[in-house]
Amino acid sequence: MDTNAAVEAANLELETFASGANALGLRQARAIIAIGSLPGGYFRPGQSDLDLIVLFHGTPPADEAFSQVEREEMERLKKLAAQASPFEIELIFLHESRLARDPLTGCLPYADFVQRLRSQSKLLWGRVDLASLTAPEREDFVCAFKRYLEYEQDKLGMEFSQAWTQSPLAELLKHALVLMRTFLLVRRGILEYDKTRIARLYTENRPPAPLPQALARCIDLRFAGEPPSEALEAAARAELPAFHAALTKEILNLSRE
């Protein structure tokens, strides 16, 4: 399937999902919005998923992330997404309050989602005024990056010091791309979500820590759909700790300046 045919098939799949969601009689969900590569114009057949944000009304319950009624709707939407073909649909569930500034910190803790909704999204179902969302500032992305680091460690179930040797290489390469993308945004004012462009843009924009050779090669092979040799993977894993430390310091130091 060529790219144009794949984009048409992906859009049709989202229309089918939206129609199915409409038939579910949702009450807690306010809107379903596509973000990422398809509305952003860089969808890659065989590599890209279809990312959808399901936006719930109001704020999360005081004692848990989602109410029982919301969880029931989540399960129904997950079952609907599991029927999607030929592309995989990934659902991200958020309350609308998550897209506003935290009254205690003044930050946008979900700045990345806010930016994606503002710059590369398509409303599939429901109603929401995306243009009214607050534009994130550099400090907001630092706040969101702190959340990301906490989330990653929870997801990995281990400290980063263990992850370099124990986590799948694919997850570590995604992490390296997030580091570079966040650095470009926070330190160079460059917004880029197309993963295939991030390493080149990073290298071109005077980084404090050059992208290590083995790590760069593994990223290239990842996008080409080719596995690295054992020696190359081992070298990339060995390069990651210092690269992670250098870019994390650069990103987080913004909040101390």
Restricting segment 59-87 to residues that are surrounded by 12 or more Cβ atoms within 10 Å (Cβ to Cβ) and modelled with pLDDT under 95, the one nearest to PRO109 (Cα to Cα) turns out to be PRO60
Here the qualifying pairs (Cβ atoms under 6 Å; residues six or more apart or on different chains; first in segment 156-182 and closer than 25 Å to THR203 by Cα; second acidic (Asp, Glu) and at pLDDT 95 or above) come out as LEU169/GLU233
Looking only at segment 131-148, decide whether some residue is in contact with a strand residue (DSSP E or B) (Cβ under 8 Å, 6 or more places away or on another chain), assigned to a helix (DSSP H, G or I), surrounded by 16 or more Cβ atoms within 10 Å (Cβ to Cβ) and not charged (D, E, K, R).
no
inquiry  = Just to be sure before I move on: is PHE183 farther than 23 Å from GLU70 by Cα, at pLDDT below 95, of a type outside the set (Ser, Thr, Tyr) and outside the structural domain of ARG27 (by TED's automatic domain parsing) in the structure I sent?
reply    = no
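Among the listed residues LEU232, LEU211, which satisfies the condition of being modelled with pLDDT of 95 or more, closer than 15 Å to LYS174 by Cα and among the aliphatic types (A, V, I, L, M)?
Details: LEU232 fails: closer than 15 Å to LYS174 by Cα.
Going through LEU232, LEU211 in turn, just one is modelled with pLDDT of 95 or more, closer than 15 Å to LYS174 by Cα and among the aliphatic types (A, V, I, L, M): LEU211.
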Condition set of a type in the set (A, V, I, L, M) and not in a helix (DSSP H, G or I), scope segment 163-192, selection surrounded by the most Cβ atoms within 10 Å (Cβ to Cβ): answer is ILE190
Per the filter on segment 204-236, residues touching a Leu at 6+ places or on another chain (Cβ under 7 Å) and in contact (Cβ under 8 Å) with a residue 60 or more places away in the chain are GLU233, ALA236
- Test: residue in segment 18-32 that is under 18 Å from the mean Cα position of the chain (by Cα) and either surrounded by 15 or more Cβ atoms within 10 Å (Cβ to Cβ) or in contact (Cβ under 8 Å) with a residue 12 or more places away in the chain (or both): yes
For segment 118-134, pairs from a residue that is closer than 20 Å to GLY40 by Cβ to a residue that is part of a loop (DSSP other than H, G, I, E, B), with Cβ under 8 Å and 6 or more apart or across chains, are ARG118/LEU133; ARG118/ALA135; SER119/LEU191; GLN120/GLY36; GLN120/GLY41; GLN120/TYR193
Restricting attention to segment 173-195, the residues that are over 14 Å from the mean Cα position of the chain (by Cα) and not basic (Lys, Arg) number exactly 6
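Filter segment 183-192 down to residues that are touching a residue at least 60 places away in the same chain (Cβ under 8 Å) and in contact with an Asp or Glu (Cβ under 9 Å, 6 or more places away or on another chain) and give me whichever is nearest to GLN47 (Cα to Cα).
PHE183
The values are calculated or read from the model by the stated rules, or taken from the named source; none is laboratory data. Since we're looking at a predicted model, the values are computed, not measured. We place every Cβ from the backbone using ideal geometry, glycine too, and count neighbours over all the protein chains shown.
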